[in-house]
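Notes to accompany the following structure.
Here, each number is a calculation from the coordinates, and none is a lab measurement. These numbers were taken from a predicted model, which means no experiment stands behind them. Here the Cβ positions follow ideal geometry from the backbone for every residue, glycine too, while neighbour counts run over all protein chains shown.
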Amino acid sequence: MNLDFSQIVPYIPFMLEGIWVTLGFVIIAIVIGFFIGSFIALVKISHIKVLRWIADFYTSVFRGTPLILQLMFVYYAVPQVLGYDISPFLSAILTFGLNSSAYVSEIIRAGIEAVDKGQREAAMALGIPYRPMMIKIILPQAMKNILPALMNEFITLTKESAIVSVINYLDLMRRAQVVGAELYRNFEAYIFVGAIYYVMVMMLTVLGKLLERRLKKSD
Amino acid sequence: MIKVENLHKSFGDIEVLQNINTSIEKGEVVAIIGPSGSGKSTFLRCINVLESPTAGHIWVDGEDLTEPGVNILNIRQKIGMVFQHFHLFPHMKVLDNLTYAPLTVKDVSKLEAETHAHELLSSVGLSDKIDAYPNSLSGGQKQRVAIARALAMEPELMLFDEPTSALDPEMVKEVLDVIKSLAKSGMTMAVVTHEMGFAREVADRIIFMDYGKIVEEAKPEEFFSSAKTDRARDFLEKVL
Ligand SMILES: Nc1ncnc2c1ncn2[C@@H]1O[C@H](COP(=O)(O)OP(=O)(O)O)[C@@H](O)[C@H]1O
Ligand SMILES: [Mg+2]
């Protein structure tokens, strides 16, 4: 065993830059996933059967196929059909955003459905219309179930984001590969970015715990 | 005020209500009693369309709520409902539980809504709980808040679905007392209850249901002393 971390020192700024690249597209993907996912969740709890069916199908496709396949499909297969040369960045936020929206929609739907049915009935009995009932009565209570699960989804997304290295997007993971190839030494670079992923995920975990505790306080 | 004609309600193949005919006059207090599973809750829930009737008609103030295109929200605003399990909004203070619906659907100012809420809370003896969250209240207190919340909409009719069945015995009286004084004030009410003493004292009329039908309707003194049907007598024998 011959470990030599001094050799990766010149590459450290290069690898650290990967943090922002990773965080950048993860955050954009999360935002996309959240908005589309919320919309799909509303469709899922609506009474329009056809729309509900489409939303369920959408979700099952993203949950039923490998993420890496979805990514490569968007990056390699879509240009073949559309004739549009999609960038790795766009492929990444599109794939992760849409994929995440499928999971987020399930999280929100389940969170809303976990709210005691009596709440809805009490609101209906008072003559409160659907929109204010959802926004002021149901959603605030659903948030208790939704936020911790969303936090988990963000953590998963941050870790899974390393898959974008396969389409040559220069994220944290890809940078470790580049440095490893250049030095003909892989161990140190992977340990280095591995530690960065670990710290990022731990920070999200702590954030989630704090959030959960604050939500519990209002009980 | 309420007229029910040939009301049927099915869940799938099961006919839970069969040909219900009755009416409730303004100012009348009706107690609905009967074995569990006989369709009492379903009947109440049809009156404010928490369940939609399978067939038949229900008129509220002359408006048939089974007509297509009828404004169900408007009808519900005239009808207060109190549930067995309270269903207070846990994320809102007691005051907001009372003012949220009026502020959202009625044309009242915040000041008016809050003044009214204060009055109602004091009438159910809970003025000191105005800033409390529901989870900090006892069952009896929760149910009194739930009654006040329904009254905050100034309904013309109040529906009670076993309002004391989920309460510890020592809290039953405080809730029944509130309902009694509401009855005395002239409110039109339909109360599903297992409290026979209460039904006898407060109701102008008893509706006895069994297997989805109204089996007997009578004045309380008649009903409790000389029920006409075997089923009603059997039932009374078990519960009295
Ligand atoms: N949403 C529902 N779906 C299917 N069956 C129901 C539903 N609600 C009530 N029922 C059935 O209808 C019957 C009458 O119920 P209910 O009106 O609650 O009776 P009660 O209030 O007299 O105890 C019961 O057999 C019950 O199981
Ligand atoms: Mg019942």
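Worth pointing out:
- Over 18 Å (Cα to Cα) - which of B:Lys9/B:Lys238; B:Lys3/B:Lys213; A:Lys144/B:Lys106; B:Lys184/B:Lys228; A:Lys44/B:Lys9; B:Lys26/B:Lys184 fall in this group: B:Lys9/B:Lys238; A:Lys144/B:Lys106; B:Lys184/B:Lys228; A:Lys44/B:Lys9
- Of the DSSP H helices in chain A, those whose Cα atoms cover at least 20 Å axially and whose Kyte score averages 0.5 or more: A:12-44, A:88-113, A:187-217
- Calculated FRET efficiency for the pair A:His47/A:Arg131, C-beta based, R₀ 22 Å, to 0.05: 0.90
- Value of relative contact order over segment B:129-202, rounded to a whole percent, pairs C-alpha under 8 Å and six or more apart: 36
- Each Lys or Arg adds one and each Asp or Glu subtracts one; over the other residues with Cβ under 10 Å from the Cβ of A:Ser165, this totals +1.
- The residue list A:Gln70, A:Leu172, A:Ile8 was ranked by how far each Cα lies along the charge dipole of chain A toward its positive end, using unit charges on Cβ atoms, and A:Gln70 comes out on top.
- Of all DSSP-defined beta bridges confined to segment B:2-237, some 55% are antiparallel rather than parallel.
- The residues packed around B:Leu65, meaning those with a beta-carbon under 15 Å from its beta-carbon, carry a net charge of -2 if Lys and Arg are +1 and Asp and Glu are -1.
- Taking only the Cα atoms of segment B:2-237, the ratio Rg/Rh comes out at 0.97, with Rh defined as the Kirkwood radius.
- Environment charge of A:Phe14, counting only residues whose C-beta is closer than 14 Å and scoring Lys/Arg +1, Asp/Glu -1: -2
- For B:Lys93, a cut-off of 17 angstrom between C-alpha atoms picks up these lysines, skipping any fewer than 8 places away in its own chain: A:Lys136, A:Lys216, A:Lys217, B:Lys110, B:Lys129, B:Lys142.
- Relative to one another, the C-alpha centroids of segment B:133-161 and segment A:133-193 are positioned 48 Å apart.
- Beta bridges per DSSP with both ends in the protein assembly as shown, % antiparallel, nearest 5: 55
- Take each residue of peptide A:113-126, count the partner chain Cβ atoms within 10 Å of its Cβ, and average: the result is 6.
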